[in-house]
Every structure is written in structure tokens, then in C-alpha cells.
1. Looking only at the stretch 86-111, which residues are farther than 15 Å from LEU42 by Cβ and free of Cβ contacts under 8 Å to residues at least 60 places away in the same chain?
2. Please return the ranges of helices (runs of 4 or more DSSP H) entirely within the stretch 64-162 where 3 or more residues are within 23 Å of MET39 (Cα to Cα) and not hydrophobic (A, V, I, L, M, F, W, C).
3. Filter the stretch 29-55 down to residues that are in a helix (DSSP H, G or I) and open to solvent by less than 30 Å² (accessible area, probe 1.4 Å) and give me whichever is nearest to LEU100 (Cα to Cα).
4. Output the qualifying pairs, or none if there are none: Cβ atoms under 9 angstrom, residues six or more apart or on different chains, first residue in the stretch 58-85 and open to solvent by 60 Å² or more (accessible area, probe 1.4 Å), second residue in a loop (DSSP other than H, G, I, E, B).
5. Which residues, taken from the stretch 1-20, are basic (Lys, Arg) and either open to solvent by less than 60 Å² (accessible area, probe 1.4 Å) or within 12 Å of LEU58 (Cβ to Cβ) (or both)?
6. Let me confirm something: among ALA138, ALA132, ALA95, which residue is at pLDDT 95 or above, out of contact with any Cys (no Cβ under 7 Å at 6 or more places or on another chain) and open to solvent by 50 Å² or more (accessible area, probe 1.4 Å)?
7. Name the pairs whose Cβ atoms lie under 6 Å apart, with the first residue in the stretch 121-132 and closer than 13 Å to LEU31 by Cβ, the second of a type in the set (Phe, Trp, Tyr) and modelled with pLDDT of 90 or more, and 6 or more positions between them or separate chains?
8. Output the qualifying pairs, or none if there are none: Cβ atoms under 7 angstrom, residues six or more apart or on different chains, first residue in the stretch 3-15 and closer than 13 Å to LEU42 by Cα, second residue open to solvent by less than 60 Å² (accessible area, probe 1.4 Å) and outside any helix (DSSP H, G or I).
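The values are calculated or read from the model by the stated rules, or taken from the named source; none is laboratory data. The structure displayed is predicted, hence computed values, not measured ones. Neighbour counts are summed over all protein chains in view; Cβ atoms, including those assigned to glycine, are modelled from backbone coordinates with ideal geometry. Remember, those area values only see protein heavy atoms, side chains included, never the ligands or the DNA or RNA. Shrake-Rupley method; radii C 1.70, N 1.55, O 1.52, S 1.80 Å.
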Amino acid sequence: MIHSVTPADYRTDASLRGAMLALNNAHAVELSFADEARMAMLVEEAFLAARIGTVDALLLAFAPGAAYDSANYRWFERRYASFVYVDRVVVAPEARGRGLARQLYARLFEAARAAGHERVVCEVNSDPPNPASDAFHAALGFTPIGEALLENGKTVTYLSLELSSSRT
């Protein structure tokens, strides 16, 4: 079952905060490290913050106009008026293989369409590589639209999925 994470949920539920931070930070290479304040800001600004289970899987996505300083988010904001940017999606190792990320994306696609957005966008690390994420996004129909070398030394590939052509 998918649950939304509201700013109030994050502020008042210490076990939820701890679980979100633990899952995020266990995958900081792919997602980027967050402390409690950073995660609170992400939840506050999110178009959609959703989880499955206590936090077996987590997705945070942003729409245009968010007060978010991510270089990747800003790359899309400079190019598109209508989009939802997936900032982070992660599944705990023990919960993998159950389709949880696909379920979170299906919820996101539904919410983005309902809000009138034209596309869902994201980036995937190409250096260091993330072949599982590459395969997952390709299976959903995402296509590469650009690349960037970030200040932290990572190289990313920018991906887009037109909502009219999504496979879910």
C-alpha cells in the first residue's frame, strides 16, 4: 500500500524520519546524503512524497516552482514549463523484486497527469554507473535527452517520459 508523506508526518513521526533517512543515506551515492533538515525541506517542497511500508520504498518528486536547489532539477526547470522531476526513488534491498518502484511510479504518473503535467523527468548516474536504474527507466519508456558532469564529479544522463506515451 502506498502512503503519502506529508510535512506534518515527517515532523511528528520520529520513526518515519529515521526510516526515511536510513534508506536514503544507505544509498547516498545514488541519491545524495540528507540530514533531517534537508529531508524535511524535500518533503515540504515535494509535488509527491510517497512510501510503501514503513519505508520499504520511497519516492520524492518535484514540479516547477519548487524552492529546490538541485542542479538537476534546475536543468529541467530551464527547459520545460510542465514536468514532474523524480529526485529520488529507492527500494530497500530486502524489498527489491516486488515491483515497489514501479508502483510508486504508477502513482506518480497518475498524480502528474491529474495535475496537467506533460512529462516525468529524472536523471540517472552514468558515472558511477547505475545499470539497474538504467534498465528500470528504459522499461518504463524513459528516453535520454541530455547529459551533465556535476560539481561532485558524477556524470548523469537526463531522461524524460512523455505522459501520453507512458507504459503504465
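1. VAL91, PRO93, GLU94, ALA95, ARG96, GLY97, ARG98, GLY99, LEU100, ALA101, PHE109, GLU110
2. On the way: elements: 71-79, 100-114, 131-140.
The helices (runs of 4 or more DSSP H) meeting that bar are 71-79, 100-114.
3. Of the stretch 29-55, the ones in a helix (DSSP H, G or I) are 29-31, 36-45.
Now drop any that are not open to solvent by less than 30 Å² (accessible area, probe 1.4 Å), which leaves 31, 39, 42-43.
Working: LEU31: 17, MET39: 21, LEU42: 21, VAL43: 20 Å.
Only one residue tops the list, namely LEU31.
4. Hits for this filter: ALA71/LEU150; ALA71/GLU151; ARG74/TYR68; ALA81/PRO64; ALA81/GLU118.
5. Answer for the stretch 1-20, where residues must be basic (Lys, Arg) and either open to solvent by less than 60 Å² (accessible area, probe 1.4 Å) or within 12 Å of LEU58 (Cβ to Cβ) (or both): just ARG17.
6. Working: ALA132 fails: at pLDDT 95 or above; ALA95 fails: open to solvent by 50 Å² or more (accessible area, probe 1.4 Å).
Of the residues listed, the single one that is at pLDDT 95 or above, out of contact with any Cys (no Cβ under 7 Å at 6 or more places or on another chain) and open to solvent by 50 Å² or more (accessible area, probe 1.4 Å) is ALA138.
7. Matching pairs, first to second residue: GLU123/TYR158.
8. VAL5/ALA49; VAL5/ALA50; VAL5/ARG51
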